[in-house]
């Protein structure tokens, strides 16, 4: 059985969800995009993953900021205003009668190509916008058990060829890293940066606890995670020492606690890395505290929604 940070409880309602494609809603089985779409052909696009909690899209502005930064970085005009794109997301949510425990995946590609090619000048349409909303409640078994990590030989790249902060459709190196981890018997992959320091995981950001301090990477070579940013902000507000710094596997193997962060799973404890036991039971003291404080941040978003 699959075990990882994106485990969700089965929900039969997802068989009947409607998918948004360029302004229209289609039944799941009829939702299609052209084989000439630039995202399909060359991975040319940006995306975001949102969570709907009690009728509120939490941390919406932070996600939209990241989407617009990503589109600007790859020279793509979204052709939507923030209000229009937000309205499109709500069209999907309301069209599916959704309220809570919902994951929304928004994907924007450069558009339809005249012929298979990397050249953006051969794009003959505006951007393609696809929004998939599903009833997805995180499987509590994942948090209760924790996950194991394996350090992949696939490195997080340098910002001069594919900045790791860019939330783009080109995810092949993360897939390769995860495949290595799965073949090694772990749940997910830990990835190093080009200098050999710990960077991030294949789909989440990594934190560890040492002597009451929280350590995470510098942010130069890791995903620009919204949940990662929330944890750092929570630490600042609550007087919890949190350092963004370079550290190696030497430091990680001696960690007191470790966890990973993501919009879907929140904070997920790590029990083992490269076969070395980090925690016999989860969550650890600091991880448990941060889980509660993060839940509080979500509640504040809902209350202010």
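The values are calculated or read from the model by the stated rules, or taken from the named source; none is laboratory data. What you are looking at is a predicted structure, and each value in this text was computed from that prediction instead of being measured. Cβ placement follows ideal geometry from the backbone for every residue including glycine, while neighbour counts extend to all protein chains displayed.
Values for this structure:
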item	result
Residue ID - farthest from residue 150 (Cα to Cα), chosen from residues in region 211-224 that are at pLDDT 95 or above and buried (at least 21 other Cβ atoms within 10 Å of the Cβ)	214
Residue ID - nearest to residue 265 (Cα to Cα), chosen from residues in region 86-108 that are within 20 Å of the chain's Cα centre (by Cα) and part of a loop (DSSP other than H, G, I, E, B)	101
Residue satisfying all of: in region 66-85; crowded, with 17+ Cβ neighbours inside 10 Å and within 20 Å of the chain's Cα centre (by Cα); farthest from residue 166 (Cα to Cα) among these	85
Residues satisfying the stated conditions in region 4-22, i.e. loosely packed, with under 15 Cβ neighbours inside 10 Å, in contact (Cβ under 8 Å) with a residue 60 or more places away in the chain and within 30 Å of residue 147 (Cβ to Cβ)	9, 11, 13
Leading residue by the ranking (nearest to the chain's Cα centre (by Cα)) among those in region 167-210 that are farther than 25 Å from residue 255 by Cβ and in a loop (DSSP other than H, G, I, E, B)	167
Residues being in contact (Cβ under 8 Å) with a residue 12 or more places away in the chain and under 21 Å from residue 116 (Cα atoms) - total across region 23-38	5
Among the residues listed as 107, 98, the single one being touching a residue at least 60 places away in the same chain (Cβ under 8 Å) and either surrounded by fewer than 20 Cβ atoms within 10 Å (Cβ to Cβ) or in contact with a strand residue (DSSP E or B) (Cβ under 7 Å, 6 or more places away or on another chain) (or both)	107
Residue 93 vs. criteria under 21 Å from residue 305 (Cβ atoms), crowded, with 17+ Cβ neighbours inside 10 Å and assigned by TED's automatic domain parsing to the domain that holds residue 26	yes
Residue list for region 229-281, restricted to those being in a helix (DSSP H, G or I) and either under 24 Å from the mean Cα position of the chain (by Cα) or under 24 Å from residue 4 (Cα atoms) (or both)	229, 230, 231, 232, 233, 234, 235, 236, 237, 249, 251, 252
Matching residues, region 1-41, being under 20 Å from residue 94 (Cβ atoms) and in a loop (DSSP other than H, G, I, E, B)	11, 17, 22, 23, 31
Residues of region 124-166 classified as within 30 Å of residue 88 (Cα to Cα) and either assigned to a strand (DSSP E or B) or at pLDDT below 90 (or both), total	15
Condition check for residue 63: surrounded by 15 or more Cβ atoms within 10 Å (Cβ to Cβ), assigned to a helix (DSSP H, G or I), in the same structural domain as residue 36 (by TED's automatic domain parsing) and touching a strand residue (DSSP E or B) at 6+ places or on another chain (Cβ under 6 Å)	yes
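Results for (1) touching a strand residue (DSSP E or B) at 6+ places or on another chain (Cβ under 7 Å); (2) surrounded by 15 or more Cβ atoms within 10 Å (Cβ to Cβ); (3) within 22 Å of residue 45 (Cβ to Cβ), shown as yes or no for each residue.
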{"residue": "128", "(1), (2), (3)": "yes, yes, yes"}
{"residue": "131", "(1), (2), (3)": "yes, yes, yes"}
{"residue": "167", "(1), (2), (3)": "yes, yes, yes"}
{"residue": "192", "(1), (2), (3)": "yes, yes, no"}
{"residue": "195", "(1), (2), (3)": "no, no, no"}
